[in-house]
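Okay, structure first, notes after.
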Amino acid sequence: MEIKKITIRGGIGKDGEREKVQEFELKMGDIISIVGPTGCGKTTLINDIELFANYNTPSQRQILINDEPIPDDFSFDPSKHPIALISQHTNFLSDLPVGEFLTIHAAVRGAENAENIIEETLDFANQLTGESINRLTGMTELSGGQTRSLLIADAVIIGNSPIILLDEIENAGIHRTKALELLKKYDKIFVFVTHDARIALLSDFRIIMKQGAMQKVIYTGIEERRAAQELKKIDDVMLEFRRLIRAGEEITEPVFNENIKNLVYNNI
Amino acid sequence: MKLVIFAGPPTCGKTTVIRQVIKRMEVKKLKTAYIKIDVLYADEDEMINKEFGIPTKKIYSGELCPDHCNVVVLDEAVEWAEREGAEFLFVETAGLCLRCSPYVENSLGIVVLEATSGMNLPRKIGPMLTLADISVITKIDLISQAEREVFRYRVLQAAKDITVVESNALYGIGIDPIVKQIEKVQHIDFPMFLKGNPPVGTCTICVGKKEIGAKNHFGVLRTLDSDLFYVGE
Ligand SMILES: Nc1nc2c(ncn2[C@@H]2O[C@H](COP(=O)(O)OP(=O)(O)OP(=O)(O)O)[C@@H](O)[C@H]2O)c(=O)[nH]1
Ligand SMILES: Nc1ncnc2c1ncn2[C@@H]1O[C@H](COP(=O)(O)OP(=O)(O)OP(=O)(O)O)[C@@H](O)[C@H]1O
Ligand SMILES: [Mg+2]
Ligand SMILES: [Mg+2]
Ligand SMILES: [Zn+2]
């Protein structure tokens, strides 16, 4: 099935009231964010999308593909599932070595040149982690950040799904600007659940959630796009401090001053 | 009577799946009775009776393997369910002896496996999986999508023609396709027969021989390095 667009129809929030946002659409190439306080139902919303909810989940939402609902008992062959969900999990439970796991997953997904694809997946993942992931390492031994990095790489490259839902990639200490940069090279729908201002402002639009319900949709305007550019400076400075601290450097007055001097903002 | 047998390792989510199924049976006004077969302890019968008000029963297999116990009592269990006015009998069994399976001809056999149980589980549980009609994979909410795909593949590798259903049983996700299959089950015939062939080995330990070592036993035997061989008539 070729997916042109996905429609999300609002249901009810935790209080049983209708959601304020009653409908929005995702088209190929869209990048969107879902934001809101902890526990407000962000993960629930992307789970509904992944399940192609049809009034059969607690939130009573309905998801349409190319304007059609998915029947209740329809179940995708998971290897052809058009949606990849990168969950908040930061550990694997599979007792297999990384290489073997990826080999099976590539086979399940019908990859033609499995060896190259696995190489590309590990390469992608290793650009996001501190310490590289080795093929012989057990999946369960990977750190939180390594797990997240591998999940993202696996979904994008081995899964090759047209729609990718990412739950809080900023957690677990992976290189998120790098992740965003790498992801943008692929023409897909990306939905980010995020608490991160920059990821939110780099999206085409964002859904604001509260009490299990979608409250409003904000399209990122020119001012916000400029603000995102300016915020990048703070972000880069923070990342540089993080890198220095991780590398065992001390943040002395000259080091601090040298890095902070880049923080000159323009008006937006 | 229509018979549905749910088997699976301890705490894999059998009861959770069954409760979600019964909820939907109620909506469709289909009358169900429930039996739990367990070795030493079970309280699901009371819980399900309280929750749904349907006829329930438990059977302790004690010294028997739960699957064997199933074979011994199932005819009477069906009669009981019939007297209670049920159209469907759900049997939940711990199915612990991995050499035989609890499924009966013309019944629907459902094996419940938890997604968190490790990638080798499907290779370890033999006929409980290979003779089932449906494999319900529970706790998918606890693992990543990639792992789900690989686990499902391992299940299909062990049981080629099985129907796989993935479920987050706590939230009732993935239950509808199971109910659809249950609605299609045929009536069972009497006398009832077990599906598949029972294991060839008769266990001399089960009949009370405690001595260690092949030379002290008869029937289907093996030594550390040999294949199976037969001693006796
Ligand atoms: N997260 C999650 N937990 C589940 C799921 N299904 C079952 N559980 C939990 O797993 C535990 C065991 O579930 P049961 O349904 O009692 O398992 P069972 O197979 O009937 O167990 P026994 O009859 O004792 O062998 C319970 O704490 C359930 O709440 C699921 O899909 N997701
Ligand atoms: N529309 C809804 N109706 C009923 N319950 C809901 C709804 N939305 C969310 N919930 C419930 O609220 C709880 C928290 O939701 P969820 O895990 O999606 O929050 P979250 O925004 O992802 O939180 P965090 O930022 O901590 O990850 C869950 O138990 C979920 O089932
Ligand atoms: Mg969440
Ligand atoms: Mg139980
Ligand atoms: Zn047995």
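Listed values, structure above:
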quantity: Positions within segment A:170-192 being acidic (Asp, Glu), without any contact (Cβ under 8 Å) to a residue 60 or more places away in the chain and either crowded, with 20+ Cβ neighbours inside 10 Å or outside any helix (DSSP H, G or I) (or both), in sequence order; calculated: A:170
quantity: Qualifying residues in segment A:64-90 (those that are touching a helix residue (DSSP H, G or I) at 6+ places or on another chain (Cβ under 6 Å) and more than 8 Å from chain B (Cβ to nearest Cβ)) - the one modelled with the highest pLDDT; calculated: A:83
quantity: Lone unmet requirement of (1) away from ligand 2 (no atom under 16 Å from the Cβ); (2) assigned to a helix (DSSP H, G or I) for residue B:170; calculated: (1)
quantity: Residue list for segment B:1-33, restricted to those being within 15 Å of ligand 1 (Cβ to nearest atom) and open to solvent by less than 10 Å² (accessible area, probe 1.4 Å); calculated: B:4, B:5, B:6, B:7, B:8, B:12, B:17, B:18, B:21, B:22
quantity: Enumeration of residues in segment B:55-76 that are buried (at least 20 other Cβ atoms within 10 Å of the Cβ) and farther than 21 Å from residue B:97 by Cα; calculated: B:55, B:56
quantity: Qualifying residue in segment B:129-136 (condition: part of a strand (DSSP E or B), closer than 16 Å to residue B:19 by Cα and open to solvent by less than 10 Å² (accessible area, probe 1.4 Å)); calculated: yes
quantity: Pair list, Cβ under 9 Å, 6 or more apart: segment B:100-114 residue more than 14 Å from every other protein chain (Cβ to nearest Cβ), other residue within 16 Å of ligand 2 (Cβ to nearest atom) and hydrophobic (A, V, I, L, M, F, W, C); calculated: B:112/B:169
quantity: Pairs with Cβ under 6 Å, 6+ apart, first in segment B:11-36 and of a type in the set (Lys, Arg), second within 16 Å of ligand 5 (Cβ to nearest atom); calculated: B:14/B:8
quantity: Residue within segment B:155-166 that is in contact with a Lys or Arg (Cβ under 7 Å, 6 or more places away or on another chain), more than 15 Å from ligand 1 (Cβ to nearest atom) and in the same structural domain as residue B:23 (by TED's automatic domain parsing) present; calculated: yes
quantity: Filter result (at pLDDT 90 or above and either closer than 25 Å to residue A:167 by Cα or facing chain A (nearest Cβ under 9 Å) (or both)) within segment B:121-141; calculated: B:137, B:138, B:139, B:140
quantity: Extreme residue, farthest from the other protein chains (Cβ to nearest Cβ), among residues of segment B:177-194 that are in a loop (DSSP other than H, G, I, E, B) and open to solvent by 40 Å² or more (accessible area, probe 1.4 Å); calculated: B:191
quantity: Selected residue (only one of A:11, A:39 is away from chain B (no Cβ under 13 Å) and free of Cβ contacts under 8 Å to residues at least 40 places away in the same chain); calculated: A:39
quantity: Hits in segment A:46-58 (condition: hydrophobic (A, V, I, L, M, F, W, C) and either more than 14 Å from chain B (Cβ to nearest Cβ) or within 16 Å of ligand 1 (Cβ to nearest atom) (or both)); calculated: A:51
quantity: The one condition in (1) part of a strand (DSSP E or B); (2) open to solvent by less than 20 Å² (accessible area, probe 1.4 Å) that residue B:150 fails to fulfil; calculated: (1)
quantity: Qualifying residue in segment B:78-86 (condition: open to solvent by less than 10 Å² (accessible area, probe 1.4 Å) and on the phi < 0 side of the Ramachandran plot); calculated: yes
quantity: Single match in A:45, A:102, A:93 (criterion: within 28 Å of residue A:14 (Cβ to Cβ) and either in contact (Cβ under 8 Å) with a residue 40 or more places away in the chain or more than 12 Å from ligand 2 (Cβ to nearest atom) (or both)); calculated: A:45
quantity: Residue in segment B:7-22 that is more than 16 Å from ligand 5 (Cβ to nearest atom) and farther than 30 Å from residue B:147 by Cβ present; calculated: no
quantity: Residue satisfying condition, being more than 16 Å from ligand 5 (Cβ to nearest atom) and modelled with pLDDT under 95, within set B:64, B:40; calculated: B:40
quantity: Breaking point among (1) farther than 26 Å from residue A:12 by Cα; (2) away from chain B (no Cβ under 12 Å); (3) open to solvent by less than 80 Å² (accessible area, probe 1.4 Å); (4) more than 20 Å from the chain's Cα centre (by Cα), for residue A:61; calculated: (1)
quantity: Sole residue being assigned by TED's automatic domain parsing to the domain that holds residue A:26 and in contact with a Lys or Arg (Cβ under 9 Å, 6 or more places away or on another chain), chosen from A:263, A:183, A:202, A:231; calculated: A:202
quantity: Every pair of residues 6+ apart whose Cβ atoms lie under 7 Å, when the first sits in segment B:150-176 and is more than 9 Å from chain A (Cβ to nearest Cβ) and within 20 Å of residue A:47 (Cβ to Cβ) while the second is modelled with pLDDT of 95 or more and in a loop (DSSP other than H, G, I, E, B); calculated: B:169/B:13
quantity: Residues of segment A:193-224 classified as within 16 Å of residue A:151 (Cα to Cα) and open to solvent by 10 Å² or more (accessible area, probe 1.4 Å), total; calculated: 0
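The values are calculated or read from the model by the stated rules, or taken from the named source; none is laboratory data. These figures come from a predicted structure and were not determined experimentally. Because the Cβ atoms are built from the backbone with ideal geometry, glycine has one as well, and the counts that use them run over all protein chains shown. Accessible surface is based on the protein model in full, side chains and every heavy atom, while ligands, DNA and RNA are left aside. Shrake-Rupley method; radii C 1.70, N 1.55, O 1.52, S 1.80 Å.
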